[in-house]
Amino acid sequence: MKICIYGAGAVGGLIAAWLARSGHEVSVVARGRQLEAIRAHGLRVRDRASGRTESHAVRAESDPARLGAQDYVVVSVKAQSLQDVAAGIGPLVGAGTSIITAMNGVPWWFFDRLDFGNGSQRLESLDPGGKLARAMPTDRIVGCVVHLAASTPEPGLVSHNMGTRMILGEPGGRNTLRTQRIAEALRQAGFEIEVSDFIEKEFWVKLLGNVSFNPVSALTGSTADRLIEDPEVKAYMVRIMREVLAIGRAVGVDAGIDPEARIDMARQLGKFKTSMLQDLEAGKTLEIDGLLAGTLEIAAKAGVEAPFTQSLFGLIRTRALSSNQYRPTT
C-alpha cells in the first residue's frame with residue numbers, strides 16, 4: 001500500500017520504518033534537520049535492548065504536494081501541530097484515502113460519534129473554527145492509541161525503547177475495511193495490534209496517564225518511576241485520574257480502569273521520561289492544550305468539576321510560558 005507518515009518523530013518514525021521494512025511504499029513529511037538526516041542516511045531505528053540499528057529507505061519531503069494521493073495517511077504529531085497538518089494534508093487525500101490519528105490526548109473528532117450531544121458537540125479548544133474537521137473528516141478517520149516507548153536521540157534516528165502495542169478503531173465503533181487493512185499491515189510490520197469497537201474508551205484510558213504523568217513530570221523534572229514512588233505525588237496524580245474518569249463517564253465514555261491499575265501500566269515501562277519532559281528539556285513546544293484544555297472543555301460541557309486538573313493546567317501552562325514553550329491552539 002501507499003502510506004504517508006505526517007510527522008516522522010519517535011512514534012511516526014517507527015511506524016514508517018517498520019512499514020517500509022515490510023514492503024509498503026512509505027513516505028514521510030518532515031522538515032529541517034530531520035528531513036536532511038532521513039534523506040542522507042535513511043530512517044534509522046535503534047533497538048534499545050539489543051543495540052542494533054537498522055536503516056530504512058523512505059521518501060522524505062517537506063511539501064506534501066510532491067507525494068500525491070495516498071491509501072493511508074498516518075498523522076503522528078503533537079496536538080499543537082495539527083493546524084499545520086490541516087493546511088498541508090490536502091494533496092495526500094484522494095477519493096479513497098484513510099487518515100490514521102496516532103497521537104496522545106483527546107482527538108478533535110472525539111464527540112462526533114458519541115451519543116452525548118447527538119454528534120453536535122465540537123471541541124473549540126482543539127479545533128477552533130472546525131479547520132481540522134474540514135481537512136480530515138470523521139468518515140475517513142481510524143483512531144490509533146499507541147502503547148509503546150520511543151524517542152529521537154538525534155535527527156533521523158528513532159530509539160525503540162519498549163513495547164509494540166497499538167489499538168485501532170473508527171469513531172463510533174463502526175469498523176470497516178479501512179481499519180482491517182491497516183491493522184493487518186501494521187501487524188505484519190511487527191506491531192501488536194488490537195481492533196476496538198469503542199476507540200473513544202481506549203483514548204480515555206491512555207488519557208488518564210497522559211493528563212497526570214506528563215505535566216507533573218515536566219513540572220518536577222522527574223522520570224515516571226520517581227513520581228510513582230513518592231506517596232504525595234502519586235496521591236496527587238490519583239486525584240487527577242479520578243477527575244478524568246468522572247469526566248469521561250459523564251459523556252458516556254467509561255475507561256473502566258482504576259487509577260492504581262493505570263499507574264501499574266506506567267510502572268511496567270520502568271524508568272522513563274514522558275514525552276512532555278523530553279520536549280521541555282529539548283526546548284520544544286509542549287503538548288498542553290491537546291492533553292489538558294480539551295479534557296477541561298469536555299468537563300465544562302458535561303458539568304463536571306475538576307479542580308485538580310484545572311490547577312495542573314494553569315501550572316504547566318505558566319511553566320511553559322516562562323520558557324516560551326506554549327503555543328495556544330488558534
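The values are calculated or read from the model by the stated rules, or taken from the named source; none is laboratory data. Everything numeric in this text was worked out from a predicted model, so none of it was measured. Glycine also receives a Cβ, built like all others from the backbone with ideal geometry; neighbour counts cover every protein chain displayed. These area figures cover heavy atoms from the full protein model, side chains too; ligands, DNA and RNA do not enter into them. Shrake-Rupley method; radii C 1.70, N 1.55, O 1.52, S 1.80 Å.
Listing for the model above:
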| read-out | value |
| --- | --- |
| The chain - share of DSSP beta bridges that are antiparallel (%, nearest 5) | 30 percent |
| Top of Met265, Met237, Met166 by mean-square fluctuation, Gaussian network on the chain, Cα under 10 Å | Met265 |
| Relative compactness, the range 115-157, computed as alpha-carbon Rg over 2.2 N^0.38 Å | 1.72 |
| Rg followed by Dmax, in Å, when the range 230-284 is reduced to its Cα trace | 13.6, 37 |
| Hydrodynamic radius of the chain per Kirkwood, over alpha carbon pairs, in Å | 19.9 Å |
| DSSP-defined beta bridges in the range 97-229 - what % are antiparallel, rounded to 5 | 55 percent |
| Coil-residue GluC sites (Glu not before Pro) of the range 212-306, DSSP, other Cβ within 10 Å capped at 13 | Glu305 |
| Beta bridge orientation in the range 142-301: antiparallel %, DSSP, nearest 5 | 70 percent |
| Over the chain: helical MRE at 222 nm, DSSP H runs n ≥ 4 each giving -39500 (n - 2.57), nearest 500 | -12500 deg cm²/dmol |
| Protection proxy ranking, peptides 38-46, 288-296, average beta carbon neighbours within 10 Å, highest first | 288-296, 38-46 |
| Size descriptor, Kirkwood hydrodynamic radius, that averages inverse alpha-carbon separations across the range 41-186, Å | 16.8 Å |
| For the range 146-228, diffusion coefficient by Stokes-Einstein and Kirkwood Rh (Cα), 20 °C, 1.002 mPa s, µm²/s | 145 µm²/s |
| Under the Debye formula (equal points on every Cα, no solvent term), log10 I(q)/I(0) of the range 133-188 at q = 0.18 Å⁻¹ | -0.76 |
| Positive minus negative residues near Ala37 (Lys, Arg vs Asp, Glu; Cβ under 10 Å) | +1 |
| Entries of Lys234/Lys271; Lys234/Lys273; Lys131/Lys201 with Cα pairs more than 22 Å apart | Lys131/Lys201 |
| The chain: relative contact order in percent, alpha carbon pairs under 8 Å with at least 6 residues between | 17 percent |
| Neighbour cut-off at most 13 other Cβ (10 Å), DSSP loop, trypsin sites (Lys or Arg not before Pro), the range 215-305 | Lys271 |
| Values of log10 I(q)/I(0), in the order q = 0.10, 0.11 Å⁻¹, for the range 206-330 under a Debye, Cα-only, solvent-free model | -0.29, -0.35 |
| Pairwise centroid distance, computed over Cα atoms, of the range 90-136 with the range 173-238, Å | 19 Å |
| Percent accessible area from carbon and sulfur atoms, the chain, protein chains only, probe 1.4 Å | 47 percent |
| Kyte-Doolittle mean at least -1.0, axial Cα span of 30 Å or more - DSSP H helices of the chain | 199-220 |
| GNM result for the chain, Cα springs below 10 Å: residue of Gly143, Gly105, Gly117 fluctuating most strongly | Gly117 |
| The range 126-281: C-alpha pair distances exceeding 20 Å, % | 58 percent |
| Solvent-free Debye scattering, log10 I(q)/I(0), computed from the Cα coordinates of the range 29-110 at q = 0.20 Å⁻¹ | -1.06 |
